[in-house]
Amino acid sequence: MSILVNKKTKVIVQGITGRDGSFHAEQMKKYGTDVVGGVTPGKGGTKVNGIPVFDSVAEAVLKTKANTSVIYVPPAFAVDAMYEAVDAGISLVVCITEGVPANEMLKAFYYIKSQGARLIGPNCPGIISPELSKVGILPGNICRKGPIGVVSRSGTLTYEAIWALTCANLGQTTCMGIGGDQIIGTNFIDALQMFEEDKATKAVVMIGEIGGTDEEEAAEFFRKKMTKPIVGFIAGRSAPPGKRMGHAGAIISGGTGTAKEKIEALNRVGIPVAASPNEIPGMVKEALDKAKTKAKKAPKKRTVGTKKAAKRKKVTARKTPKKSKAGKAGAKRRK
Amino acid sequence: MKIHEYQAKEIFAEGGIPVPMGRVATTSAEAVQIAEEIGRPVMVKAQVHVGGRGKAGGIQYAENLEAARVWAQKILGMDIKGLKVSKVLITEAADILTESYVGIIIDRATKAPVIMVSPAGGIDIEEVAAKTPEKIFKQAVDPTLGLRSYQARDLASKLYKDIKQVRKAADIIMKLYNVYWKIDASLVEINPLITTPQGEVIAIDAKINIDDNGLYRQKAVAAMRDLDSEDPAEVEAREGDLSFVKLTGNIGCIVNGAGLAMATMDLVKHYGGEPANFLDIGGSSNPQKVLTAMRIILRDPNVRAVLINIFGGITRCDDVANGIVMAYEELKPEVPLVVRLTGTNEDKARKILKAVDLKFGDTLDEVVKKAIKLAEIEYTV
C-alpha cells in the first residue's frame with residue numbers, strides 16, 4: 001500500500017523535451033513508473049527516449065488515459081501548465097519547477113482545489129512509492145519498500161532522511177516532498193491524513209524547517225486526529241533570527257517561525273524531534289515498539305482507538321461524495 | 001528583495017497613493033537643495049534596509065535649511081544595525097494628528113493576501129499586536145476575486161470616524177492592494193498612515209518587499225536593487241546563482257539544497273562548532289558554482305575548515321568534484337577541506353578527488369565532527 005502514486009499511476013511529463021524533463025522522464029521510466037507520454041507544444045508526434053510527445057495535455061490524456069502529470073517547465077510557464085493539466089482531467093499534478101511567483105500560486109491553488117484535483121509542489125522533489133512508482137526527481141535507489149511514510153518541505157534533506165531509514169532497514173510506503181514555497185498545493189496535514197488512512201503505513205517521518213506555522217498546525221492535527229506515531233526533524237536550529245518581513249510578518253502569524261518554537265510545539269503533543277538525520281531511524285524504531293506494546297498491553301485503549309478511527313472514517317466517508325460533487329466540472333477526472 | 005522607502009514611495013505615487021513631496025540625497029549639499037525646493041520644514045530619513053531607523057536616530061526633523069544640512073551630514077555615513085547609510089530621503093514634514101497602520105502580506109496559512117489595519121499605528125505597532133491584538137483588524141482577500149470595495153470600506157472604518165476620511169482611507173487601501181498585486185510584492189506596508197489637521201490622509205512611510213520569484217517579470221522593480229546596501233559576498237553569491245548568508249563561526253559550509261544546508265549547520269552547532277555561513281549551491285551541478293562558493297568562503301578570514309556536504313540527486317557528485325579540483329588549483333586553499341559526496345556518480349567523484357588532498361567521510365555526522373576537530377587545531381600558515 002502507499003499514498004497517491006502506485007502501479008495504477010499513468011504519468012505524462014510536461015516539458016519532456018527540456019533538459020530536466022527528458023532526463024527525469026527516462027529516470028522515472030527506468031524506475032518502473034508508467035510514463036505514458038510527454039507534452040511540449042509544437043513537438044507533438046515526436047518521441048523522447050521512446051516516449052510519445054503530444055502538443056497538449058488534453059490530447060495526451062485522450063490518447064494515453066494519463067491520470068498524473070509532472071511539470072518541469074520554466075517558472076514563467078509553470079502555472080499555466082498546472083491549469084492545462086487540471087483542465088484536461090488530470091487528478092494529480094506534481095510541479096517540480098522552482099521560482100513560481102507566490103501571487104500566481106494563490107490563484108492556482110483555489111482553482112485546482114475547486115476542480116477536485118490535487119497539486120504537489122511547486123518547488124518540490126516529487127513523490128515516490130518504492131517499487132511501485134516515482135513521479136519527480138527523488139533518487140529511486142535510496143528507497144526501499146516498507147512501513148514508514150515520509151513527508152518533507154525539503155529536497156536533499158529528504159534524501160538524507162530516507163537514506164538513513166533505508167540503511168536501518170526501515171523501508172517506506174511513500175516519500176513525498178511537498179515543496180519549500182510559501183504557497184503549496186499539499187501541506188503537512190493533507191499528507192498526514194493520507195498516511196493515517198493508509199493501512200501499510202505504521203509511522204510517519206515529518207521533516208520541517210523554519211518559517212511559517214505549518215509544523216505547529218501539523219502538531220495540532222496529530223494531537224486531535226492521529227493514531228500513528230510521528231518522528232520529526234526541523235532544519236534551521238542554527239539560523240540567525242532577524243531575517244523577517246517587516247512588522248506584518250510578526251503580526252500575521254503570531255509566532256516567528258523559529259526552529260525552537262516548532263520543536264516545542266511538536267514535543268508538546270508527544271512528537272519526538274531528532275537533532276541529526278541519523279537519529280531518525282532509532283526514534284522511529286522506538287515509536288514503533290511503543291505503539292506495539294501499547295497495542296498488546298492495553299487492548300481496551302486499542303478499542304477506543306479503533307472506535308475513534310471508525311468515527312473518523314465516517315467523517316471522511318461523508319466528505320467523499322461532497323468532494324466528487326465539487327469536482328463535477330472535472331467529472332471525467334481519472335483516478 | 002527589499003527596496004528603499006524613497007523607491008516604495010515612487011511606486012505608491014504612481015499607484016495614486018498620497019505621499020509627501022520629497023527626493024533622495026547622497027550629500028548634505030543635495031539635501032539642502034531639496035529642502036529649499038520643498039520650502040517647508042523637512043524630515044531627513046536614512047535609507048537603509050532595516051527596521052527601527054527612527055529609534056536608532058536615523059530619522060530627524062529639520063525646521064530650516066541649516067538643520068537639514070546638519071542632520072543630513074550626521075545621518076549620511078551613520079551605522080544603523082551594521083548598515084552604513086549612504087542615502088537620505090528629504091521629505092516634507094507633515095502635521096500629524098493621528099497615526100494608523102496598513103499592511104498587506106501573503107499569508108501561507110490562509111493562502112491569501114491578508115490586509116491588516118490598526119488605528120494604533122507608529123513605531124510600536126508590533127507591541128500593539130502582541131499586547132492588544134484587538135486593536136489589529138484583518139481581512140483575508142480571495143485572490144481570485146480581488147479586494148472588494150466594501151471590504152476596503154470596512155477596514156477604513158476601523159481607522160476613522162469621519163466619513164470623508166473613511167472614504168479616503170478606503171481608496172488608499174484599494175490602491176495599495178492594486179500595487180501589491182501589480183508588482184508581485186510579498187509585503188506592502190504604510191506605517192504610519194496619518195491624518196493632518198486639515199483632514200488629509202497621507203502615507204508618510206512606505207515599505208515594499210518583492211517576491212524574488214516575481215522579479216523575472218518585474219524588470220523596473222528589479223532595477224531598483226541597491227547593491228551598495230547589500231553584503232558584497234551575498235551579491236557575488238546571488239550573481240553566481242548561489243544562496244549565501246554570512247555568519248560568524250569558523251567552519252565554512254558548502255551544501256546542495258537549503259534544507260540540507262540548514263541541517264548541516266545545525267549539526268555543526270550540535271557538535272560544538274560554529275558555522276561560518278549558510279551556502280546552498282542549488283540543484284544543478286555546474287563546477288563553476290563550486291568554484292564561486294569556495295572563493296566566497298575562503299575570503300572570510302574566520303574560516304578554519306571547509307565542510308562540503310553533497311547528497312547527489314539531480315546534482316551529480318562528479319561535477320561537484322571537478323569544481324573542487326578547479327578551486328584547489330585556482331585558490332590554493334590553506335585551510336583543510338572535509339568532503340562528503342554521496343548519491344549520483346559518487347564513485348566517479350572519488351576518483352577525480354584523488355588528485356587533491358582532502359579528508360573524506362561517509363556520513364554527515366562523521367564529516368561534521370571531523371571539520372570541527374580540524375578547525376580547532378591551531379592552524380599555522
Helix axis angle, B:287-298 relative to chain B longest principal axis, alpha carbon, degrees: 80
Averaged over A:180-190, how many beta carbons belonging to a partner chain fall within 10 Å of each residue's beta carbon? 2
Where the eigenvalues come from the Cα gyration tensor of segment A:1-151, what are the semi-axes √(5λ) of the equivalent ellipsoid, largest first, in whole Å? 21, 19, 14
Can you list the residues, at least 5 places off or on another chain, whose amide H is less than 5 Å from the amide H of B:T98, using H built in the peptide plane? B:T195
Point-to-point label distance, B:E329-B:R148, nm (Cα→Cβ direction, 7 Å offset): 6.7
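When Cβ neighbours within 10 Å are restricted to other protein chains, what is their mean count per residue of peptide A:151-163?
Other-chain Cβ atoms within 10 Å of each residue's Cβ, averaged: 6.
Once you average over the residues of B:251-259, how many Cβ atoms of partner chains fall within 10 Å of each Cβ?
Details: counts 0, 0, 0, 0, 2, 3, 10, 9, 19.
Mean inter-chain Cβ contacts per residue within 10 Å come to 5.
Please give the calculated 222 nm ellipticity per residue for chain B, where each DSSP H segment of at least 4 residues contributes -39500 (n - 2.57) and the sum is spread over every residue; nearest 500 deg cm²/dmol? Walk me through the numbers on the way to the answer.
Working: 13 runs with 141 residues, N = 381.
Helix contribution divided over all residues of chain B: -11000 deg cm²/dmol.
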Compute the signed sum of charges (Lys and Arg +1, Asp and Glu -1) over the other residues within less than 9 Å, Cβ to Cβ, of B:F244. -2
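Run through segment B:125-223 and list the GluC sites (Glu not before Pro) located in a DSSP loop whose Cβ has at most 16 other Cβ atoms within 10 Å.
On the way: sites: B:E126, B:E127, B:E134, B:E189, B:E200; in loops: B:E200.
Sites meeting the loop and neighbour criteria: B:E200.
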Once phi is turned into θ = phi - 60°, what whole-Hz ³J(HN,Hα) does the Karplus curve with 6.51, -1.76 and 1.60 give for every residue of segment A:194-200, x standing for Gly and Pro? 5, 5, 4, 7, 7, 4, 6
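Determine the shape class of segment A:105-241: with a ≥ b ≥ c the square roots of the Cα gyration tensor eigenvalues, call it rounded for a/c under 1.5, and otherwise prolate if a/b is greater than b/c, oblate otherwise.
Rounded is the answer for segment A:105-241, as its axis ratio a/c remains below 1.5.
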Mind listing the long-range amide H neighbours of A:V39? Cut-off is under 5 Å, sequence gap 5 or more, other chains count too, H placed in the peptide plane at 1.01 Å from N. A:V13, A:Q14, A:G15, A:I16, A:F54
Report, in degrees rounded to the nearest 10, the 0 to 90 angle that the Cα long axis of helix B:258-270 makes with the longest principal axis of chain B. 70
Against the longest principal axis of chain B, how steep is helix B:163-182, in degrees 0 to 90 to the nearest 10, with axes from Cα atoms? 30
State, to one decimal in nm, how far the label point of A:K290 lies from the label point of A:A58, with both points 7 Å from Cα in the Cβ direction. 5.3
For a quick check: with amide H placed at 1.01 Å from N, whose amide H comes under 5 Å from B:G343's, ignoring anything fewer than 5 positions away on the same chain? B:G312
Name the aspartates and glutamates eligible as straight-distance cross-link partners of B:K164: C-alpha to C-alpha under 15 Å, and not fewer than 8 places from it in the same chain. B:D154, B:E200
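Any read-out appearing in this document is the output of simple, stated calculations on the displayed coordinates, not a laboratory observation. Only a predicted model underlies this, so the values are computations on that prediction, with no experimental measurement involved. Cβ coordinates were reconstructed from backbone atoms using ideal geometry, including for glycine residues, and neighbour counts include every protein chain displayed.
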